[in-house]
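Okay, so here's the structure we're looking at.
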Amino acid sequence: DEGRHEDPIIISDNSGGGYISWRTYTDSNPTQGELYVQHIDGDGNLSWSNPTQISADIPIKVNSQQNMCSDRSGGVFVTWYAEGYPVGDGFYYGIHITSDGSMVGPVVLIDTEDNYGNVSLESTGNGAAAIVWKQGGFGAENIYAQRFYANYSTGGFEKDWNDGNPLEVATYVGRQISPKVTYFSDDFVAVVFEHWPDPNISSIAGNFIST
């Protein structure tokens, strides 16, 4: 189709097929672009006659990459940064989509006025996912996390941890940056990050979080 198609990600649907997400740039939206998803079945056929546009009218952050993970139940989550002021709200958004094209979102996953970034996304099993991110001013960043799943009855996401508020993972003196989350089991995820108690001293730290 007309335009530039960039930043592809592919994730298995655990049934022989997979989902692809990418950003399309057109003359009318040459900088932010729009996010699309297509499902491919186990025989290599496109499941939907047209790709699904998932970013709605949310301006996507320039030079950012969407993230994507399986829910380990046949669907996927796709998440991305919104462009900040004055173009957008600067929040972090996500959707959930299944192979029949049913979708929940976009919904806001991170809605802070603080500086934030380094968002990492991974499945937690049982149809859910977790994100971790750094948040705070330079020199005083901390690590936070949240687990969520799509509620197709309400059309929103349910946030499991800390009564729906960001869960504090690491709030030590100094800088906590570059977090990564990975699936460990249906009962736990593992998070690792850089800990800088001093500008000249750093270490690698980690936590397990019960799902």
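The values are calculated or read from the model by the stated rules, or taken from the named source; none is laboratory data. Source: prediction; values computed, not measured. Reconstructed Cβ throughout: ideal geometry from the backbone, glycine too, with neighbour counts over all protein chains shown. Side chains included, ligands, DNA and RNA excluded: accessible areas come from the protein's heavy atoms. Shrake-Rupley method; radii C 1.70, N 1.55, O 1.52, S 1.80 Å.
What to note about this one:
- Of all residues in the range 84-103 being open to solvent by less than 10 Å² (accessible area, probe 1.4 Å) and without any contact (Cβ under 8 Å) to a residue 60 or more places away in the chain, the one that is farthest from ALA150 (Cα to Cα): TYR92
- Counting only strands (runs of 3 or more DSSP E) wholly contained in the range 115-211, the ones carrying 2 or more residues that are among the β-branched types (Val, Ile, Thr) and either open to solvent by 30 Å² or more (accessible area, probe 1.4 Å) or over 18 Å from MET68 (Cα atoms) (or both) occupy 175-183, 201-210.
- Single residue of the range 65-83 satisfying the filter (open to solvent by less than 20 Å² (accessible area, probe 1.4 Å) and under 18 Å from GLY33 (Cβ atoms)) that is farthest from the chain's Cα centre (by Cα): ALA82
- Members of the range 10-29 that are hydroxyl-bearing (Ser, Thr, Tyr) and either open to solvent by less than 50 Å² (accessible area, probe 1.4 Å) or modelled with pLDDT of 95 or more (or both): SER12, TYR19, SER21, THR24, TYR25, THR26
- Residue within the range 169-185 that is farther than 29 Å from GLN53 by Cβ and without any contact (Cβ under 8 Å) to a residue 24 or more places away in the chain present: no
- Of the residues in the range 80-102, none is of a type in the set (S, T, N, Q), modelled with pLDDT of 95 or more and assigned to a strand (DSSP E or B).
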